[in-house]
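**Q** Have a look at this one.
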Amino acid sequence: MRTATERALGVHRVLEPVGVLPQAARRLDPDAPTGPDEVRIDVERLNLDAASYRQLHEAHGGDGAAVRDAVLAIVAERGKMQNPVTGSGGMLIGRVAEVGPASPLGLAVGDRVATLVSLTLTPLRITDGLARWDGHGEQVPAQGTAVLFARSIAAVLPDDLPENVALALLDVCGAPAATERVVRRGTSVAVLGAAGKSGCLSVAAARDAHARRVVGVVRDEREAAALRAADLAHEVVVADATDPLAVAAALGEPVDVTVVCVDVPGAEHGAVLATVDGGTVVFFSMATSFPAAALGAEGMAADVTMLIGNGYTPGHAALALDLYRRNAGVRALVDPRVHP
Ligand code: NAP
């Protein structure tokens, strides 16, 4: 018999090894009836994590049918979509089919939702053999069922935004939320990768928090022009985020808060060097290396607080969607990345 906390985390659905959390499990049970604290979703589409899809695509030499078979095999074997090589998953879209009477998620039958917890811990059963997917691309039309626990998170998809825009925003909604948490009136802020999706949302969140100086650091003149046209940052500078001296030189005065939103490894030292003693670095990028950040700060005798950008902050989804709706500049930067 599991405690309420264990159930809320989904431990009761772990088949192997018994007693671990669902993310660490080799196998979950996607077939048990919906529990009183659970929600069942009729799956419409899986969004495979980019790193996972790339690995499968390369491992099968670009053979779509083989990639599809591999995804089906993983889900059948594991009861969840967790790539055993990359360890990563993705998220899914679907419609709420059943809500247990004790579920605290606030969802109603019929809601169209995007799950904001990883597929690596979401019990999943596929029932259509992925017949509508050719095995190419991260977006996988799928039929099946998924289960949310009491401590899962899902966002109701907004009616007023295209589905792919909403998904892109929900994917990175932790970045503006983390920025909002650390920026105060009068703070100076640098955002590395400021013309990207999470970057421009973070710039907009810093402006909303009344930051004194918000500097967008971008890779090249093309991105600089786009960010200037978006009229979000106070300053826009061009520097390779992986070149610490270039970042520091481009910024001039170090800032109180640096938010790392690039999608490449190697930005740790530039971020530390960009930040004043006593300041804060938010590492939102998944390409961040813990040893590079920790040893880099030590090596520079930099007294900075370093935060890992948690993908979850209460209210993060609504915040990102709202920033997109209210800022033409955010829309101008996000839309081309969603509709290439
Ligand atoms: P994105 O839209 O592709 O933005 C990344 C930006 O960084 C782009 O503008 C890119 O420029 C720029 N960039 C790349 N290399 C650079 C360099 N050397 N110097 C300066 N700028 C550079 O990506 P995103 O969707 O916002 O995601 C950003 C990061 O967040 C990824 O690492 C992702 O894994 C991570 N993420 C974290 C979480 C979490 O929960 N913590 C959740 C989702 C995503 P180009 O377009 O010119 O390459």
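The values are calculated or read from the model by the stated rules, or taken from the named source; none is laboratory data. In this text the structure is predicted, and so the values were computed from the model without any measurement. Note: ideal-geometry Cβ built from the backbone for every residue, glycine included; neighbour counts use all protein chains shown. All accessible areas refer to the heavy atoms of the entire protein, side chains included, with ligands and DNA or RNA removed. Shrake-Rupley method; radii C 1.70, N 1.55, O 1.52, S 1.80 Å.
**Q** Roughly speaking, to the nearest percent, how much of the chain's 1.4 Å accessible area is carbon and sulfur? Write out the running numbers ahead of the final one.
**A** Working: 7870 of 14860 Å².
Within the chain, the accessible surface is 53 percent carbon and sulfur.
**Q** Go from 0 up to the bin containing the longest alpha carbon distance in the range 285-335, width 5 Å each, and give me the % of pairs per bin.
**A** With a bin width of 5 Å, the distribution comes to 4, 15, 17, 13, 15, 12, 14, 9, 1.
**Q** Out of Pro141, Pro176, Pro36, any idea which swings most in a Gaussian network model of the chain, alpha carbons joined below 10 Å?
**A** Maximum among the listed residues: Pro36.
**Q** Have a look at the DSSP beta bridges in the chain and tell me what percent are antiparallel, nearest 5. Let's see the in-between values first.
**A** Working: 28 of 50 bridges.
Bridges in the chain that DSSP calls antiparallel: roughly 55 percent.
**Q** Could you give the nm distance between label points at Ala131 and Arg212, where each point is 7 Å from its Cα heading toward the beta carbon?
**A** Between Ala131 and Arg212, the label points sit 6.4 nm apart.
**Q** Considering only protein heavy atoms, what per residue accessible area in square angstrom results for the chain with a 1.4 angstrom probe? Before the final figure, lay out the partial values.
**A** Values: 14860 Å² over 340 residues.
Each residue of the chain exposes 44 Å² on average to a 1.4 Å probe.
**Q** Then there is this: Counting only other residues whose beta carbon sits under 12 Å from that of Val20, what net charge do I get with K and R as +1, D and E as -1? Kindly include the intermediate steps, with their values, before the conclusion.
**A** Numbers: positive: Arg13, Arg26, Arg27; negative: Glu6, Glu16.
Residues near Val20 contribute +1 overall.
**Q** Same structure, new question: Considering the chain as a Gaussian network with a 10 Å cut-off on Cα pairs, which listed residue, Ile308, Ile41, Ile93, attains the greatest mean-square fluctuation?
**A** Ile308
**Q** Here is a follow-up. Which stretch or stretches of the range 177-200 have amide N atoms under 15 Å from the point lying 7 Å from Val338's Cα along the Cα→Cβ direction?
**A** 196-200, by backbone N distance to the label point.
**Q** Label the range 230-315 by shape, choosing from rounded, prolate and oblate, from the square roots a ≥ b ≥ c of the eigenvalues of the Cα gyration tensor; if a/c is under 1.5 it is rounded, and otherwise prolate applies when a/b is larger than b/c, oblate when it is not.
**A** On the way: a/c = 1.36, a/b = 1.03, b/c = 1.32.
In terms of gyration-tensor shape, rounded.
**Q** Can you give the relative contact order of the chain as a percent, counting alpha carbon pairs under 8 Å and 6+ residues apart?
**A** Working: 778 pairs, mean separation 47.7, N = 340.
14 percent.
**Q** Just the projected area, averaged over all directions, of the convex hull on the alpha carbon atoms of the range 174-338: how many nm²?
**A** On the way: hull surface 32.9 nm².
Convex hull of Cα atoms, orientation-averaged projection: 8.2 nm².
**Q** Counting each pair of different Cα atoms once, what's the Kirkwood radius of the chain in Å, rounded to one decimal? Could the numbers behind the result be given before it?
**A** On the way: mean 1/r = 0.0476 Å⁻¹.
For the chain, the Kirkwood estimate is 21.0 Å.
**Q** Dipole magnitude of the range 102-185 about its Cα centre, charges +1 at Lys/Arg Cβ and -1 at Asp/Glu Cβ only, in debye to the nearest 20?
**A** 460 debye
**Q** Then there is this: With runs of 4+ DSSP H residues as the only contributors, calculate the mean residue ellipticity of the chain at 222 nm using -39,500 (n - 2.57) per run, divided by the residue total and rounded to the nearest 500. Mind dumping the intermediate values first?
**A** On the way: 12 runs with 117 residues, N = 340.
Value at 222 nm, helices only, nearest 500: -10000 deg cm²/dmol.
**Q** Based on alpha-carbon atoms only, what is the radius of gyration of the range 4-157 relative to the globular estimate 2.2 N^0.38 Å?
**A** Working: Rg = 14.6 Å, N = 154, 2.2 N^0.38 = 14.9 Å.
The range 4-157 yields a ratio of 0.98.
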